[in-house]
Amino acid sequence: MGIRSKLIAFAVGIAILAALVFDGYVLKTLGAELSAHTEDDLATRTALVTEIAARSGDLAAEAPALATALSKIAGARVTFIDPQGAVRGDSSVAPEGLGQLDTHATRDEVADARHLGTGRSERVSKTTRMRMLYAAQRLDRPDGPWVVRVAFEPVAIYRSLSAARTRVVEGTLLALALAVAAALAGARALSGRLVYLTGVAREMRADLGRRARMQGHDEIATLGGALDDLAESLEVSRRELGGEGERFGAVLESMREGVLVTDEKGDITLVNPALSQLLGIRRDPVGRPPLEVLRSSSLHELLEEVALARAAATREIEIAPAAPGVAGPPGRRILLVNAAPLALPAQSRGAAGVVAVFFDVTELRRIEGLQRNFIANASHELRTPVASIRASSETLLGGALDDPEAARDFVEVIERNATRLHRLVDDLLDLSRIEGGERPLSPGTLDLSVQAEAAVALLRGRAMERGTDVKIDVAPGTLVAADPRALDQILTNLVDNAIHHTPNGSHVVVRARAANGRVVLEVEDDGPGIPAVHQARVFDRFYRVDPGRSRASGGTGLGLSIAKHLVEAMSGDITVTTGAAGGALFRITLPTGAQKK
Ligand code: ADP
């Protein structure tokens, strides 16, 4: 039932109740007043008739005529009753019919008048068969107490009462109609504002900026004001929360570390872009279990452990590379995972959600491995010449010194190994200086043909010893931006390698060409070349294709590594392939030098 129907029902109820109360009270009072007035009037007429009758000399004889005459004057039925109770005159009965009337002494009003002087009553007359109002008065005569009775038909009262009742009913109906109309109008005004407020509240769901802005000071206006206040504070909170969320989102977005959050059920609720990228997650992971997304049982165990124990834990996990075409990291990844339970109310039980932060330590672990490897390699490289020097010096001290022939051989071994040690230590120092940035390079514009000639000139003697032909095919004026000492070291190393790692009588060519702002420098030989499987690794420290041969020829296994570092420090790059003649073809690109004006 709507508020409108309720209001109408209420108003109609009130109107009906008011009508009933009014009807009952007014009609009753009105009826009582009317009869009191009529009875007084009748008593007055009776007294008058009695007074006139008292003057009659022979009432018994004159009664019929007197009754008729006085009835006309009094405007009522007049009856004379003798002391015996017989009717001796009656304005409503012809004189001949009087004898047939029964005794009237027992009529209430007559009996009362005889005893008390006056009497009254209201009843249906046996004589006239009409409802009558009677008033009687005793009239003492010499022959005994007579009774004069005046009767009156109270039609007027009933008529007045019935007219009044009709008025009251009409009034009630009118009041009802007015009440319904008033209730309708009131309800419409009231429910219209309520409907408006409901609409505003609904619109606020979509637009918190919406306001009711009700006029007035009644309860509904107050409700509207309260609704506006509520929306206002909601809007403020939402703005604050939104800002908070945005900041939080921005932090997550910009973090280089991966972040994963799970709920109490252990399903993922958040993965930041860094983690998606790190692990090659393509499908939306939210709502899925971590094991399905990351395929790492140790991560799964860690998350479960933290969720149940509600204590933070750290673990290093390894994620295998994904198969081609499948989502996942492109290479094997080593991740350091810090997992902590999400704060929970103290009294709650069961597992907690977990927030895990992932650090990609793949590169760190790789560098650590390289370092370990390098130290092992360096020690190994150093041990051989040191052992030779120790063995030779012990032999010398053990007596070989006395044999000048043998002593010379041992001292030569010592000298050769000391030179090798010296070169190794030099190269290692060089490498560590370049890597540590302690050897700053200052690239200037150099003429590559001049640089190549100078580097090769120093090696010509050794080349001639092996019958190797070294040719330079660099156009004079080929300008390159490079540090002169570094460029010399690179060229020397490449040409020296080409002489050393090829059979006697081989051919070596150094050539260069400029293209697209770069200078391409090539050193090619027609020796055995470097098998493709080794090509990528010959630039690693101590890496040799044939370790025995390299050492025998005095190589340290560091030359190409130093060359690569130097080239890269001058914004260039170096690669090796197999040349057309099957030999090694080293190709270096460097920026061109600025043209001299
Ligand atoms: P090394 O001191 O042994 O020359 P490098 O770093 O200069 O050390 O070279 C690494 C390895 O690359 C060599 O041991 C050799 O096996 C191979 N290599 C370098 N240059 C050539 C070349 N021109 N022809 C064949 N093999 C080569």
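Values as computed for the structure displayed
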| quantity | calculated |
| --- | --- |
| Aspartates and glutamates whose Cα lies under 20 Å from that of LYS471, excluding same-chain neighbours fewer than 8 positions away | ASP447, GLU453, ASP488, ASP496, GLU522, GLU524, ASP525, ASP526 |
| 41 Å tail of the calculated P(r), the chain, as % of Cα pairs | 68 |
| Over the chain, relative contact order from alpha-carbon pairs under 8 Å, at least 6 apart, % | 7 |
| Accessible surface ranking that places the most exposed of PHE539, PHE248 first, with a 1.4 angstrom probe | PHE248, PHE539 |
| Relative contact order (percent, whole number), the range 137-259, Cα cutoff 8 Å, 6+ residue spacing | 12 |
| Inter-centroid distance (Cα atoms) of the range 382-457 relative to the range 120-179, Å | 156 |
| Cβ-defined net charge surrounding ALA182, 15 Å radius [Lys, Arg +1; Asp, Glu -1] | +3 |
| Solvent-accessible surface (1.4 angstrom probe) belonging to GLU435, in square angstrom, nearest 10 | 90 |
| Exposure of ARG551 as accessible area (Å², to 10), given a probe of 1.4 Å and all protein chains | 70 |
| Accessible area of MET204 in the full protein assembly, 1.4 Å probe (Å², nearest 10) | 20 |
| Heavy-atom accessible area per residue - the range 3-158, 1.4 Å, Å² | 54 |
| For the chain, share of DSSP beta bridges that run antiparallel, in % to the nearest 5 | 95 |
| Percent of Cα-Cα distances greater than 24 Å, calculated over the range 256-360 | 17 |
| Fully extended contour minus Cα-Cα distance, from VAL12 to HIS115, at 0.36 nm per residue | 31.5 nm |
| Net charge contributed by nearby residues that have their C-beta within less than 11 Å of VAL474 (K/R +1, D/E -1) | -1 |
| The range 441-591 - accessible surface per residue (Å², probe 1.4 Å) | 44 |
| Cβ-defined net charge surrounding MET204, 11 Å radius [Lys, Arg +1; Asp, Glu -1] | -1 |
| Computed helical MRE - 222 nm, the chain, DSSP H runs ≥ 4 contributing -39500 (n - 2.57), nearest 500 | -18500 deg cm²/dmol |
| Accessible surface of the chain [probe 1.4 Å, protein heavy atoms]: carbon and sulfur percent | 57 |
| Cα-only Debye scattering, the range 3-158: base-10 log of I(q)/I(0) at q = 0.13, 0.17, 0.20, 0.21 Å⁻¹ | -0.60, -0.92, -1.21, -1.32 |
| Accessible area expressed per residue, the range 188-321, with surrounding protein chains retained (probe 1.4 Å, Å²) | 64 |
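The values are calculated or read from the model by the stated rules, or taken from the named source; none is laboratory data. What you see is a predicted model, and the numbers here were worked out from it, not measured in a lab. Counting neighbours? That spans all protein chains shown, and the Cβs are built from the backbone with ideal geometry, glycine included. Remember, those area values only see protein heavy atoms, side chains included, never the ligands or the DNA or RNA. Shrake-Rupley method; radii C 1.70, N 1.55, O 1.52, S 1.80 Å.
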